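The values are calculated or read from the model by the stated rules, or taken from the named source; none is laboratory data. As the structure is a computational prediction, the values presented were derived from the model and not from experiment. So basically every Cβ, Gly included, is an ideal-geometry build from the backbone, and we count neighbours across all protein chains shown. These accessible areas exclude ligands, DNA and RNA; they are computed on the full protein's heavy atoms, side chains included. Shrake-Rupley method; radii C 1.70, N 1.55, O 1.52, S 1.80 Å.
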Amino acid sequence: VPGHDFERRGWVQRQLAASILLQSHTLSDRNMASLPIPPPACLLKPYAVPYRYMLGPGPSNVPPRILAAGAQSMLGHMHAETLEIMSHITSGIQYAFQTQNEVTLAVSGPGHAAMECALFNSLEPGESVLIAVNGIWGERAAEIAERIGAKVNTIVQAAGGYFTNQEIEQALVKYKPVLLFLCHGESSTGVLHPLDGIGDLCHKHNCLFLVDSVAALGGTPVYMDKQGIDILYTGSQKVLNAPPGTAPISFSERACQKAFNRKSKPVSYFLDLSWLANYWGCDGKAMRIYHHTGPVTGFFTLREALCILAETGLENSWKRHKEVAEYFHKGLEDMGLKLFVSEKKARLPTVTTIVSPPGYDWKEITAYIMKNHHIEISGGLGPSVGMVLRVGLMGCNSSKPNVDMVLAALADALKHCHKSRV
């Protein structure tokens, strides 16, 4: 019978596994009394994870197709199939970033790991760096650069604002940095920062241009090569709708020249670009050497997420996010709520910031919506704490039905939450 031997082997394996499990339980029961620390009671029963509408600033909901990709059989992190999947991921990132950079890969970790990878490899102790701070991600970048021992210089805008190219060039002339950090989509404040012309200014002043696009990529246009971006990174859990844990990043030839000709080694072995580039097969060497065990199932899900983006088309994704955001913004204004970012062109289409309704406790609003509507929305972060509510509509979550659902939940919360008369 075709497949009979395979089915029989499967049956034998299941019986063997059941026998081993029974023996282990017997041994466990026998030894339990002799162990000073017993098995935790919470781990001896299943845990039912509730379904929630993840409409905060991230992570976003993971579609069934991507969840299924992550449930495939495990492969070794150096197996030929895994390396092929990694190659597919590189191609997908190049498409998403609109770049031909050879050194394009995914860091094993969240967006923070990509931020550190970018800064650790491009900066050395004592070098001047310029950080554009208009929210929490500029603040974080400044702290990381300071820990490296770089000479940190900042330009600062209040929450909700952004920098003009003239202000940036004045700072480049003043501080003479080797690197400029700028956040494309500042999720703490809801600002979409313009990118055009900044790369040219950086190169004019012999400076690398580093862009954080964790909350923006896939939801609004970015052209890495065309806009002269030297280092660009994002996260898997926002518009891409994959689980957290992989962070796409790309380095231009100019950035690679800096990273691969350092006077000192990067402070992190794990995030050393020379090792990562080899592991990802983008350093031009024939042999890949073991560096770390990559998150193999995370590679499965990231590949599937990039497949969906490729099938959708970048321009279609950008268009949908823009249209859905504008529909949401109109709905909020029709309710009498105020948008935190006043200038329309500066509003991030993936994460909307709403001025906290006067007289209400934002914590009560978010808790009410979670409890009664199973929807996650968030309060502010960093400089916007206490000032805003944040709603994320990213990837598969960017839809008009989701907007209607959030608007209804907000209206319900404002009706039932306590409003101070003061």
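Quick notes on this one:
- Counting the residues of segment 132-149 that are open to solvent by 10 Å² or more (accessible area, probe 1.4 Å) and small (G, A, S) gives 2.
- Positions within segment 391-411 being in a helix (DSSP H, G or I), of a type outside the set (V, I, T) and open to solvent by less than 40 Å² (accessible area, probe 1.4 Å), in sequence order: G395, N397, N402, L407, A409, L410
- Annotation: V341 fulfils all but one of (1) under 25 Å from the mean Cα position of the chain (by Cα); (2) in a helix (DSSP H, G or I); (3) β-branched (V, I, T); the unmet one is (2).
- Checked against the criterion of being without any contact (Cβ under 8 Å) to a residue 60 or more places away in the chain, of a type in the set (S, T, Y) and either open to solvent by 60 Å² or more (accessible area, probe 1.4 Å) or in contact with a His (Cβ under 9 Å, 6 or more places away or on another chain) (or both), the candidates Y290, Y269 yield just one match: Y269.
- Exactly one residue out of G294, G386, G281 is of a type in the set (G, A, S), more than 30 Å from L83 (Cα to Cα) and part of a loop (DSSP other than H, G, I, E, B): that is G386.
- Inter-residue pairs, beta-carbon under 8 Å, first closer than 16 Å to H292 by Cβ and in contact (Cβ under 8 Å) with a residue 12 or more places away in the chain and in segment 76-89, second part of a loop (DSSP other than H, G, I, E, B) and among the hydrophobic types (A, V, I, L, M, F, W, C), 6+ apart: T82/L75; M86/W280
- Considering only residues in segment 339-362 that are of a type in the set (D, E, K, R) and closer than 24 Å to Y162 by Cβ, the one that is least open to solvent (accessible area, probe 1.4 Å) turns out to be R347.
- Sole exception among (1) surrounded by 17 or more Cβ atoms within 10 Å (Cβ to Cβ); (2) in contact with a helix residue (DSSP H, G or I) (Cβ under 9 Å, 6 or more places away or on another chain); (3) closer than 30 Å to S398 by Cβ for S252, by number: (2)
- Top-ranked residue of segment 316-338 - restricted to ones that are hydrophobic (A, V, I, L, M, F, W, C) and either open to solvent by 80 Å² or more (accessible area, probe 1.4 Å) or not in a helix (DSSP H, G or I) (or both), ranked as farthest from C183 (Cα to Cα): M335
- Residues that are among the polar types (S, T, N, Q) and in contact (Cβ under 8 Å) with a residue 24 or more places away in the chain occur in segment 164-177; there is at least one.
- The residue pairs whose first member lies in segment 49-66 and is among the aliphatic types (A, V, I, L, M), whose second member is open to solvent by less than 30 Å² (accessible area, probe 1.4 Å) and in a loop (DSSP other than H, G, I, E, B), and whose beta carbons are closer than 7 Å, counting only pairs six or more residues apart or on different chains, are M54/S60; M54/N61; L55/I377; L55/L393; V62/N241; V62/A242; I66/N241; I66/A242.
- Number of the exception - S398 against (1) out of contact with any helix residue (DSSP H, G or I) (no Cβ under 6 Å at 6 or more places or on another chain); (2) touching a residue at least 60 places away in the same chain (Cβ under 8 Å); (3) farther than 16 Å from K338 by Cα; (4) polar (S, T, N, Q): (1)
- Test: F120 is of a type outside the set (V, I, T), farther than 22 Å from N261 by Cβ and at pLDDT 95 or above: no
- Top-ranked residue in segment 363-373 [being more than 13 Å from A408 (Cβ to Cβ) and under 25 Å from the mean Cα position of the chain (by Cα); ranked as least open to solvent (accessible area, probe 1.4 Å)]: T366
- Hits in segment 37-84 - residues which are touching a strand residue (DSSP E or B) at 6+ places or on another chain (Cβ under 8 Å) and either of a type in the set (D, E, K, R) or open to solvent by 90 Å² or more (accessible area, probe 1.4 Å) (or both): R52
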